[in-house]
Amino acid sequence: MRPRLLFLSQLGPSDHPSREGLPDERRMIEEVFVTELGCELRFVDLPTESIPERPFGDAVADGVVISGSFGSANDQEPWRLALKEWLSAPVGVAARAARDVPRETVPPLDTRGVPRLGICGGHQIQAVAWGGVVGPAAEPQLGLFPLELEGRRELVVQLHVEAVLRPPEFAEVWAVDASGIQALRYPGHTWTVQFHPELSVELSRAAIERQGVEVHAEALVAATERGRAFIRRWIEGLERGAERPSRPWEARWT
């Protein structure tokens, strides 16, 4: 059975001024998650659509992906406040960490309780929703930057001027660099990252070059492939079950 993913896009409609000249996000996301990764996908454009209670009918989503954003996790638009409230719900074993209640009292999971993958602005807004702090990055990053994660140092796509400055209490810092906290992992197989593992080569190149930054084609392709490997590792965790292994980050991301 194909993993069912609810994709929450924070980028806004295709005619948003910040998206001028960029490839279509929905098409790219469908190519990545449906064509390349073999998932069933429900795409939700948050600024214009509400989060569905039952995105797959009678079936519960296996995971939720929260996209990046042109705005800040601290912004106060109604849709962003609603997203933060939605994301404040605990996830899987995170429910027990947050509520400090016995396993048998945790209610059955609904879509708000399944594992999550937060990307860039999704990484930041998830941290804020669980009590973390986001603010200006020590060093904004626009382009390809090296990042050490799980003992490996690889180039990743970065497009951010803000960062998580203080993580939620029950988060474990997975990666950090001169810009700020680059990756967090939470109980319940929820991972959030500042970099972009989901972008296509086409969109990454367009987004980077519009900042006036040159990008090496081979390095960008390699970074994109590493991003896909990272997402596959998260999806494999969904297929094993959100609580097996109990420390999902022990599995290597490559």
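The values are calculated or read from the model by the stated rules, or taken from the named source; none is laboratory data. Small disclaimer: the values here were computed from a predicted structure and weren't measured. Here Cβ is always computed from backbone atoms with ideal geometry, including for glycine, and neighbour counts include all displayed protein chains.
Of the listed requirements (1) surrounded by fewer than 22 Cβ atoms within 10 Å (Cβ to Cβ); (2) out of contact with any helix residue (DSSP H, G or I) (no Cβ under 7 Å at 6 or more places or on another chain); (3) not in a loop (DSSP other than H, G, I, E, B), I181 misses just one: (1). The set of residues in segment 205-254 that are modelled with pLDDT of 90 or more, outside any helix (DSSP H, G or I) and among the aromatic types (F, W, Y) is empty.
The residues in segment 216-243 that are of a type outside the set (K, R) and surrounded by fewer than 18 Cβ atoms within 10 Å (Cβ to Cβ) can be counted, and the count is 12.
When residues in segment 138-159 are screened for being free of Cβ contacts under 8 Å to residues at least 60 places away in the same chain and either closer than 14 Å to V193 by Cβ or in a loop (DSSP other than H, G, I, E, B) (or both), 6 of them pass. Checked against the criterion of being within 18 Å of the chain's Cα centre (by Cα), surrounded by 13 or more Cβ atoms within 10 Å (Cβ to Cβ), under 18 Å from W191 (Cα atoms) and modelled with pLDDT under 95, segment 137-149 has at least one qualifying residue. Pairs linking a residue in segment 215-229 that is closer than 18 Å to L117 by Cβ to a residue that is part of a helix (DSSP H, G or I) and among the hydrophobic types (A, V, I, L, M, F, W, C), with Cβ atoms under 7 Å and 6 or more positions apart or on different chains, are T224/V201. Scan segment 160-172 for residues that are assigned to a strand (DSSP E or B) and either in contact with a Phe, Trp or Tyr (Cβ under 8 Å, 6 or more places away or on another chain) or among the small types (G, A, S) (or both) and the total you get is 2.
Quick one: H160 ticks every box in (1) closer than 21 Å to N74 by Cβ; (2) surrounded by 22 or more Cβ atoms within 10 Å (Cβ to Cβ) bar one, so which box is it? Status for H160: all satisfied but (2). Between A127, A95, A89, the distinction of being at pLDDT below 95 and outside any loop (DSSP other than H, G, I, E, B) belongs to A95 only.
Please enumerate the residues belonging to segment 29-87 that are surrounded by 16 or more Cβ atoms within 10 Å (Cβ to Cβ) and among the polar types (S, T, N, Q). S67, S69, S72, listed by residue number.
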